[in-house]
Amino acid sequence: WRHVLDDPILARSIKNTLELGLWAAAVGILFCSLVAYIVVKTRFAGKGVLDFLSWLPYSIPGILLGLALIWTFLLIHRIIPIYGTMMALITAMAISRLPLGVQIIKTFLLQLGDELEESSRVSGASWFYTYRRILVPLLSPCLIVVGLLIFISAARDIGTVVLLATGKTRTLSLLMLDYTVGSELERATVVACMIVLLVITGALMARALGGRFNIRS
């Protein structure tokens with residue numbers, strides 16, 4: 001423990017892990033909720049195809065998804081220099097957890113009647129105002145759960161981000177991998193304990209926040 005805590009890389013890895021987890025959760029919630037809304041609540045002609053495509057990240061192993069994203073980021077690097085940045089990792093995690101998030105939010109949306117949106121629009125509210133003031137509050141318990149799942153996945157994921165991360169964007173899970181590859185198993189175990197502690201802390205905070213919305217599980 002003393003050697004790990006004295007390692008200057010540890011503090012940066014913790015910061016990167018928190019940044020990745022929180023931003024991936026925020027981006028994932030936004031992306032998943034929009035896809036689920038289009039599939040469930042709109043008459044978009046291609047929503048069936050969109051629903052099918054939302055399952056694709058689960059059919060691709062994490063390491064292959066990371067490799068595909070590397071090629072994509074390198075192709076657009078001159079236009080958008082995203083490769084090697086934290087944004088690359090956030091994008092990868094948001095995409096990899098798209099199937100689970102979309103399906104959870106779809107289940108909640110299917111339980112909401114269309115009358116709520118129709119009444120809001122009849123009253124003169126815009127789509128964005130209706131979504132922000134009516135649907136989001138009703139979906140809050142679901143969105144908290146989705147955000148927590150994405151945060152946990154980002155904190156412990158290795159396969160999806162290992163090819164996208166650099167020394168500056170190394171997370172705790174990748175630091176654990178570095179120790180393991182270097183045969184420093186004791187240090188790797190210490191980092192693993194830190195990841196577990198971080199995940200438990202995130203779950204307790206989500207539970208405390210969810211208590212306001214009657215989330216008890």
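The values are calculated or read from the model by the stated rules, or taken from the named source; none is laboratory data. On a predicted model such as this, the values are computed, not experimentally measured, just so you know. Cβ sites come from the backbone with ideal geometry, for glycine too, and all protein chains shown count toward neighbours. Protein only, heavy atoms only, side chains kept; ligands, DNA and RNA dropped before computing areas. Shrake-Rupley method; radii C 1.70, N 1.55, O 1.52, S 1.80 Å.
Observations, loosely collected:
- Per-region count, region 54-70, residues surrounded by 14 or more Cβ atoms within 10 Å (Cβ to Cβ) and outside any helix (DSSP H, G or I): 2
- Scanning region 114-169 for residues that are of a type in the set (Val, Ile, Thr) and not in a loop (DSSP other than H, G, I, E, B) yields a count of 10.
- Inspection of region 37-47 identifies no residue that is closer than 25 Å to Ala88 by Cβ, within 19 Å of the chain's Cα centre (by Cα) and open to solvent by less than 40 Å² (accessible area, probe 1.4 Å).
- Residue in region 71-86 that is within 17 Å of Gly21 (Cα to Cα) and in a helix (DSSP H, G or I) present: yes
- Residue in region 78-90 that is on the phi > 0 side of the Ramachandran plot and not acidic (Asp, Glu) present: yes
- Residue in region 88-105 that is open to solvent by 30 Å² or more (accessible area, probe 1.4 Å) and not in a helix (DSSP H, G or I) present: yes
- Condition check for Val190: more than 12 Å from the chain's Cα centre (by Cα) and assigned to a helix (DSSP H, G or I): yes
- A single entry from Asp114, Asp178 fulfils the requirement of being closer than 27 Å to Phe52 by Cβ and acidic (Asp, Glu): Asp114.
- Filter result for Thr160 (under 17 Å from Ile70 (Cα atoms) and open to solvent by less than 40 Å² (accessible area, probe 1.4 Å)): yes
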